[in-house]
Each structure stands twice: as structure tokens, then as C-alpha cells.
Amino acid sequence: MPDSGNCYKPCLLMDLLGRPYEWIEVDALNGETRGAEFLQKNPAGRVPVLEYAPGAYLPESNAILFFLGRDSELWPEDPAEQAAVLGWMFWEQNSHEVWIATSRFGLLFGGATAASEDIIRRREPGLSALTRMEEHLGGCSWFGASSISLADIALFAYTHVAGEGGFSLDGFPAVRSWLERVAARPGFRPMRRGKRPSA
């Protein structure tokens, strides 16, 4: 799904590592992830799914990041840094994506407006997540390790499009600088974009 940050994560990782991959688009908005063929690959009916060997599938974006990146320079050697990277990746799914990505989805695809109850309810915890990132980046350049890591890939995906979820990054200068550092990496490619529903 081209507009999905979760789908963007493994693509961004592979682009940064200079590794080839095949992108197979699935129209999740029109129910293609609910068909029997797709559910055999991921019973949860969600993208992304990685086919890492013929007939062998791995769902969940951050699990895919670990599988693809654990033997690269984006996975630190130090066990304490490894644990910190995993901690940020878990945090991204539980305290960041759940507010920022879902607000973005509602506004782009769900017919929500900035005044919708669900969007308003997600605003404060989403800003809290961005504030935590800003505070961390006040003393560090990256998340979890001394150089760019899998945690940065996980967090970049939905942070760089937070504005589409109603979260302005104007008050988060350290976050904006970090986004620029990631985007300046060799091999970086922006998120794919698909057709948006008409207003």
C-alpha cells in the first residue's frame, strides 16, 4: 500500500542498504487483504507482508525491519544499543504509530476532519509522542544507537508525514533536523504515493 508508513519502512531500509526487492501492491482499501489468498500469508489481514523465501511469509513492519536489517550496519553490535533500538521500535508501535498514523489514516482515507472526535482524542497523546522524540533528540542524533539504526527507520516512516495527520512539526526543531539527517542518507527514496479518495 503506497501511502502506508508501515509498508514504507522495509522499502526505505532496503533502499538505504542498496538491496534489491520486489514491491507487490495490494489494495487494502478495497478489501484485497481480506481475501482467502492474502489471509494465508497474514491471517491478520494487514500489510506489509514479506515473502522472504518461496511460500514463507513474515508480517508486521518492525519484525520485517529486524529480519532484513539484523545483519547490516543499521543493527548495532553492542547489546545495550541493541536493546535500546528494540525499545524504540516497540515504543513506535505502542505510543507513536497508534496516535499519529491512525490520525493520518482517518484524515486521508477515513472521511474524518480535524474536528472529528477520534482525531481530537488522538491529538494530545500524539503530541506527547513527538515531545518525547524532541527531548531525546536534544541530546542524541539517533534513536537507540550512536549512528542511524532500525529504530530511526521505524520512527521516520510516520513522523515525516505527521503533518498529514494534523500534527505540525513547527514546534519540534530537533525532530525536523533528525528527519533531514535520515533523508540525506545515501540511497534514500521518498514514500510512494497512491491515489487518494476524492473529497
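The values are calculated or read from the model by the stated rules, or taken from the named source; none is laboratory data. Keep in mind that what you see is a predicted model, and the values were worked out from it rather than measured. Virtual Cβ from ideal backbone geometry, glycine too; neighbours counted across all protein chains shown.
A few points about this structure:
- Counting only helices (runs of 4 or more DSSP H) that sit wholly inside the stretch 22-118, those with at least 2 residues that are farther than 20 Å from PHE156 by Cα are 36-41, 79-91.
- Residues located in the stretch 140-196, provided they are among the acidic types (Asp, Glu) and part of a loop (DSSP other than H, G, I, E, B): ASP170
- Test: GLU92 is at pLDDT 95 or above, acidic (Asp, Glu) and at positive phi: no
- In the stretch 131-182, residue farthest from VAL85 (Cα to Cα) [restricted to those that are aromatic (Phe, Trp, Tyr) and in contact (Cβ under 8 Å) with a residue 40 or more places away in the chain]: PHE167
- Pick from the stretch 1-24, criterion of a type in the set (D, E, K, R) and free of Cβ contacts under 8 Å to residues at least 60 places away in the same chain, ranking: nearest to SER147 (Cα to Cα): ARG19
- Verdict on ALA84 being touching a residue at least 60 places away in the same chain (Cβ under 8 Å), out of contact with any Phe, Trp or Tyr (no Cβ under 7 Å at 6 or more places or on another chain), over 19 Å from ASP170 (Cβ atoms) and of a type in the set (A, V, I, L, M, F, W, C): yes
- LEU50 being closer than 14 Å to LYS9 by Cα, of a type in the set (A, V, I, L, M) and more than 13 Å from the chain's Cα centre (by Cα): yes
- Cβ-Cβ contacts under 8 Å between residues 6 or more apart (or on different chains), taken from a first residue in the stretch 28-43 that is free of Cβ contacts under 8 Å to residues at least 24 places away in the same chain to a second residue that is exposed (fewer than 14 other Cβ atoms within 10 Å of the Cβ) and in a helix (DSSP H, G or I), are listed as THR33/LEU39.
Matching residues to (1) in the same structural domain as LEU16 (by TED's automatic domain parsing); (2) within 24 Å of ARG192 (Cα to Cα); (3) of a type in the set (A, V, I, L, M, F, W, C):
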position: PRO59; (1), (2), (3): yes, yes, no
position: ALA83; (1), (2), (3): no, no, yes
position: HIS96; (1), (2), (3): no, yes, no
position: ALA101; (1), (2), (3): no, yes, yes
position: LEU130; (1), (2), (3): no, yes, yes
position: GLU135; (1), (2), (3): no, no, no
position: ASP152; (1), (2), (3): no, yes, no
position: ALA157; (1), (2), (3): no, yes, yes
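- Identity of the residue in the stretch 74-99, surrounded by 13 or more Cβ atoms within 10 Å (Cβ to Cβ) and among the charged types (D, E, K, R), that ends up farthest from ASP118 (Cα to Cα): GLU81
- The residues on offer are ALA184, ALA145, ALA154, and the sole one that is of a type in the set (A, V, I, L, M) and surrounded by fewer than 18 Cβ atoms within 10 Å (Cβ to Cβ) is ALA184.
- Residue ID - modelled with the lowest pLDDT, chosen from residues in the stretch 27-41 that are crowded, with 18+ Cβ neighbours inside 10 Å and not hydroxyl-bearing (Ser, Thr, Tyr): ALA28
- Exclusive hit being under 16 Å from TRP142 (Cα atoms) and either modelled with pLDDT of 95 or more or more than 19 Å from the chain's Cα centre (by Cα) (or both), set GLU97, GLU117, GLU73: GLU73
- Matching residues, the stretch 127-139, being in a helix (DSSP H, G or I) and of a type outside the set (A, V, I, L, M): SER128, THR131, ARG132, GLU134, GLU135, HIS136
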